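Reviewing the structure listed below.
The values are calculated or read from the model by the stated rules, or taken from the named source; none is laboratory data. Here the structure is a predicted model, which means the values were calculated and not measured. No Cβ is skipped: glycine too gets one built from the backbone with ideal geometry, and neighbour counts run over all protein chains shown.
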Amino acid sequence: MRNHLALSLFLLIGAISSGAQQAVPDSSKMVGPRAMCEAAATKLRDSGTDKVVLMLTLGTTGRVESFQTESPKGLKLEAVKEAATAIKKLKFEPATKDGLPVRVKGKAVFDCSQQPGNDSNRP
């Protein structure tokens with residue numbers, strides 16, 4: 001299920017800075033929510049990339065509490081209602097410290113090349 005991505009995929013920064021006990025992330029496999037990728041399509045095309053980078057703050061339940069768009073430059077998904085709603089619906093495994101869930105902040109890299117109708121990978 002896309003909305004239940006493993007937190008360990010991206011929380012390198014948050015895990016290190018908070019002391020949370022999580023694995024090193026492998027964000028290369030995270031497919032972005034459709035609404036986010038659709039909202040970012042023009043900026044992604046202009047930037048020559050398929051990747052959206054977000055700084056996420058996750059609560060103790062693993063839900064996205066807030067986020068900020070870091071890349072591509074000039075993209076503000078926070079201001080796009082459908083994209084912001086889709087991002088805030090994401091749920092991750094909660095980070096833990098000493099066996100207890102903790103609030104964390106970390107970068108997530110989402111791949112929008114896997115979205116239906118994306119022609120960027122076609123010859």
**Request:** Please go through region 41-82 and pick out each residue that is in contact with a Gly (Cβ under 8 Å, 6 or more places away or on another chain) and either outside any strand (DSSP E or B) or aliphatic (A, V, I, L, M) (or both).
**Result:** 43, 52, 55, 56, 58
**Of residues in region 66-97 being among the acidic types (Asp, Glu) and over 12 Å from the mean Cα position of the chain (by Cα), the one farthest from residue 35 (Cα to Cα)** = 93
**Request:** Residue by residue through region 86-99, note down the ones that are surrounded by fewer than 19 Cβ atoms within 10 Å (Cβ to Cβ) and either touching a Pro at 6+ places or on another chain (Cβ under 9 Å) or closer than 17 Å to residue 42 by Cβ (or both).
**Result:** 89
**Request:** Give the residue, chosen from 28, 18, that is at pLDDT below 95, out of contact with any Ser or Thr (no Cβ under 9 Å at 6 or more places or on another chain), buried (at least 17 other Cβ atoms within 10 Å of the Cβ) and of a type in the set (Ser, Thr, Tyr).
**Result:** 18
